[in-house]
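One structure is given here, and the rest of the page talks about it.
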Amino acid sequence: MLDDMNELRTFVSVVAARSLSAAAREMDLALSVVSKRLAALERRTGIRLIARSTRRFAPTEEGMDLYERAQRILAEVDQAEAALTSGQVEPRGLLRVSAPVAFGRVHVSPVCGDLVRTHPMLSIDLVLTDRMVDLIEEGIDVVVRIGPPKDSQLVMRKLIDDYRVVVGAPEYLQRRGTPATPAELEAHDCVHYRGVGTHWQLVGPAGQVVEVRADSRLRSNSGDVALDWALTGYGLVMNSWVDVKNHVRSGRLVHVLPEWRSESAPVCALFPSSRQLPTRARVFIDAMVDSLAQGTG
């Protein structure tokens, strides 16, 4: 039975890493050992589980079915063993996370670093991309995204409600004045990035919605660049509160029109199933909730 469990663990690692050599490094085993275990599992089941060629390495349909079942089995075994020994479940294995580039660099990357430092049996592969990934096809365990999910088959856990606010550097506001109403934004220099555009929609304290045209001579497809311009004093920017809150609290930026903000958009963790969510994924999601909640408001 012990040999069978090792074969299952090796098979799951191979599929998650999408490579025999990567799985061998992850498990700290010789490549020959990993190859023999996979061959033994395929021989014992009588089914080809991994399709291998010079250009392709992916589980077969039967292999993917076994992978999904084996993940649940191994998660239950790990939890049972941990409960017997210490009453706690220690996350282990490889966790693959996807997140938007800018948000992932600022907010997800530090959480990943803290987790691998705290949990010596955990490894994390962070994939930063602004496109929506296919979790099964690309072997991703958890996707972090801003806004409600479009795939109804995925399970969502809200990490935090985010919204955009208008901010500017103190030196800019001293030079140009501070707008007192949304309409006054139209007379100011504004910096834009493609995700927001030139028409800013704001919601007031009584729920009223206004739209202002904030023209700009500085535009970028990068929110980071637009934020840097605002920090330098080139103009006002409408940006995510989770991205600017530390700058506001340090005094580098001033929250303009503090009673006005955009509609809320949830920052979400998306994953295929919550019924048997691996411990490593659950620990990551909980850590993201704690990190994003620090200093909110």
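The values are calculated or read from the model by the stated rules, or taken from the named source; none is laboratory data. Nothing here was measured: the structure is a model prediction, and the numbers come from that model. No Cβ is skipped: glycine too gets one built from the backbone with ideal geometry, and neighbour counts run over all protein chains shown. Ligands, DNA and RNA are excluded from the accessible area calculation, which covers all protein heavy atoms including side chains. Shrake-Rupley method; radii C 1.70, N 1.55, O 1.52, S 1.80 Å.
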| task | Mind checking the full-extension length gain between Met121 and Leu218? Use 0.36 nm per residue of separation minus the Cα-Cα distance, one decimal, nm. | result | 30.3 nm
| message | Can you pull out the GluC sites (Glu not before Pro) in segment 200-270 whose DSSP state is coil and whose Cβ has at most 15 other Cβ atoms within 10 Å? | response | Glu259, Glu263
| task | Enumerate the lysines that Lys158 could reach by cross-link, defined here as Cα to Cα under 22 Å, with residues fewer than 8 away along the same chain left out. | result | Lys150, Lys245
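At 222 nm, what helix-only mean residue ellipticity would the chain give, in deg cm²/dmol to the nearest 500, using -39500 (n - 2.57) for each DSSP H run of four or more?
Helices in the chain give a 222 nm mean residue ellipticity of -12500 deg cm²/dmol.
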| Who wins for biggest fluctuation among Arg52, Arg280, Arg164 in a Gaussian network model of the chain, springs between alpha carbons below 10 Å? | Arg52
| said: Defining a contact as two alpha carbons under 8 Å apart and six or more residues distant in sequence, what relative contact order in percent does segment 90-163 show? | reply: 40 percent
| task | Arrange the peptides 249-255, 235-241, 13-19 so that the one whose residues have, on average, the most other Cβ atoms within 10 Å appears first. | result | 235-241, 13-19, 249-255
| Residue order for Tyr163, Tyr172, Tyr234 - accessible surface, 1.4 angstrom probe, largest first | Tyr234, Tyr163, Tyr172
| field | Solvent-accessible surface (1.4 angstrom probe) belonging to Phe271, in square angstrom, nearest 10 | value | 10 Å²
| said: Ordering His247, His199, His192 by accessible area with a probe of 1.4 Å, largest first, what comes out? | reply: His199, His247, His192
| note | With every protein chain kept in place and a 1.4 Å probe, the chain has an accessible area per residue in Å² of 53 Å²
| Neighbour net charge for Val254 - beta-carbon separation under 13 angstrom, K R +1, D E -1 | +4
| query | Amide H to amide H, which residues 5 or more places from Ser98 or on other chains are under 5 Å from it, using H placed in the peptide plane? | reply | Val127, Val142, Val143, Val144
| query | Once the Cα atoms of helix 279-293 and of the chain are each reduced to a long axis, what angle between those two axes, in degrees from 0 to 90 to the nearest 10, is obtained? | reply | 10 degrees
